[in-house]
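Here's the structure we're looking at; comments come further down.
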Amino acid sequence: MVKIGIAPDSWGIWFVGQPNQVPWRRFLDEVVESGYDAIELGPLGYLPTDAKTLGRELDGRGLSMVGATVLNGHIDDSAHWPAIEDSVLRTGELLATLGADYLVLSELASEHYFGPTFKLDDEGWRRLIETTNKAARVTRDRLGLQFAFHPHCDGHVETQEQIEQLLDQTEPGLVSLCLDTGHHAYAAGDPVAFIRKHHERIIYLHLKDVDEQKLKQVKAQRIPMVQACQMGVFCEQNDGVVDFEALGQVLRDVGFDGWATVEQGLFEPPHDYPLPVAKRTREYLRKSGVG
């Protein structure tokens, strides 16, 4: 059974303190109005970090917490492990208190375009695997949460080949995947076929779609992902290259039983823009058979 949530990313909330952010109470109210009953945490500090306060705000709206994504641009650099561990623990302790399921580790989007041939050397890749395993053990052993690695556009783990290499070199019972349908399509992958092939390692989904024409422009002009988001490369879920009806079917075929969180990938939208998009997306996911 697929359970559907939505992330602050769908209101353009990427980092704490971005200009013109929608107030957090309005975000929670609009989540409910748009038909969702679960959320991701978003960047630590956007929503209240006091568990009692946040729990009261969620309970009062009938919302539950699915998980959160910890972003770091230096997973391949062992010198950054203390900062990564601190972020995992601070985020994970709040999640665990709120009854969430998942902690996700992902690389930050770069302000530079790298493209499909961007690779680490052998030593850098070894460090990335080592850090991923360490974060997964902290998540499992100290927090009691499920750990998932999130392949990311313009990152070191982006293409299907890179993702499969990560799966081959990490322990199945320790490291799972959060597959982002939009990021996978952005990297020229087929998320439906990938889920069918690797569903045993995929415990969590982010639901995103990609505008085909804008993606062609991004690749042709070597535009970084952050700028691509400003261009609207991530479109509404019924307007892009991802086949959501086929996605719903493959999830039923493989017996997927978990959460799928909508991430619209909006960048600093006007305050009145996200709510109608979120409403349309929720209805579309029902009609397409995803959940």
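Hey, does the stretch 196-211 have a residue that's surrounded by fewer than 19 Cβ atoms within 10 Å (Cβ to Cβ), in a loop (DSSP other than H, G, I, E, B), free of Cβ contacts under 8 Å to residues at least 24 places away in the same chain and not acidic (Asp, Glu)? Looking for residues that are surrounded by fewer than 19 Cβ atoms within 10 Å (Cβ to Cβ), in a loop (DSSP other than H, G, I, E, B), free of Cβ contacts under 8 Å to residues at least 24 places away in the same chain and not acidic (Asp, Glu), one finds none in the stretch 196-211, hence no. How about the stretch 36-63: which of its residues are under 20 Å from the mean Cα position of the chain (by Cα) and within 24 Å of residue 290 (Cα to Cα)? Hits for the stretch 36-63 are 36, 37, 38, 39, 40, 41, 42, 63.
Just to be sure before I move on: is residue 55 in contact (Cβ under 8 Å) with a residue 24 or more places away in the chain and touching a strand residue (DSSP E or B) at 6+ places or on another chain (Cβ under 9 Å) in the structure I sent? Yes; evaluated as a whole, the condition is true for this residue. Among the numbered conditions (1) over 22 Å from residue 205 (Cβ atoms); (2) surrounded by 14 or more Cβ atoms within 10 Å (Cβ to Cβ), the only one that residue 82 does not meet is (2). Any idea how many residues of the stretch 257-286 are surrounded by 19 or more Cβ atoms within 10 Å (Cβ to Cβ) and acidic (Asp, Glu)? Total meeting the criteria: 1. Taken over the stretch 153-194, residues that are in contact with a His (Cβ under 8 Å, 6 or more places away or on another chain), modelled with pLDDT of 95 or more and buried (at least 24 other Cβ atoms within 10 Å of the Cβ) amount to 8.
When the stretch 247-276 is limited to residues that are modelled with pLDDT under 95 and among the hydrophobic types (A, V, I, L, M, F, W, C), the one that is farthest from residue 289 (Cα to Cα) turns out to be 267. Being at pLDDT below 95, under 30 Å from residue 218 (Cα atoms) and surrounded by 20 or more Cβ atoms within 10 Å (Cβ to Cβ) is a condition met by no residue of the stretch 25-44. The one condition from (1) of a type outside the set (S, T, N, Q); (2) under 20 Å from residue 240 (Cβ atoms); (3) touching a Pro at 6+ places or on another chain (Cβ under 6 Å); (4) in a loop (DSSP other than H, G, I, E, B) that residue 157 does not meet is (2).
Listed residues 196, 201; which is basic (Lys, Arg), over 24 Å from residue 274 (Cβ atoms) and under 17 Å from the mean Cα position of the chain (by Cα)? Every option except 201 fails the conditions.
The values are calculated or read from the model by the stated rules, or taken from the named source; none is laboratory data. All values derive from a computational prediction rather than experimental measurement. Cβ atoms come from the backbone with ideal geometry, glycine included; neighbour counts cover every protein chain shown.
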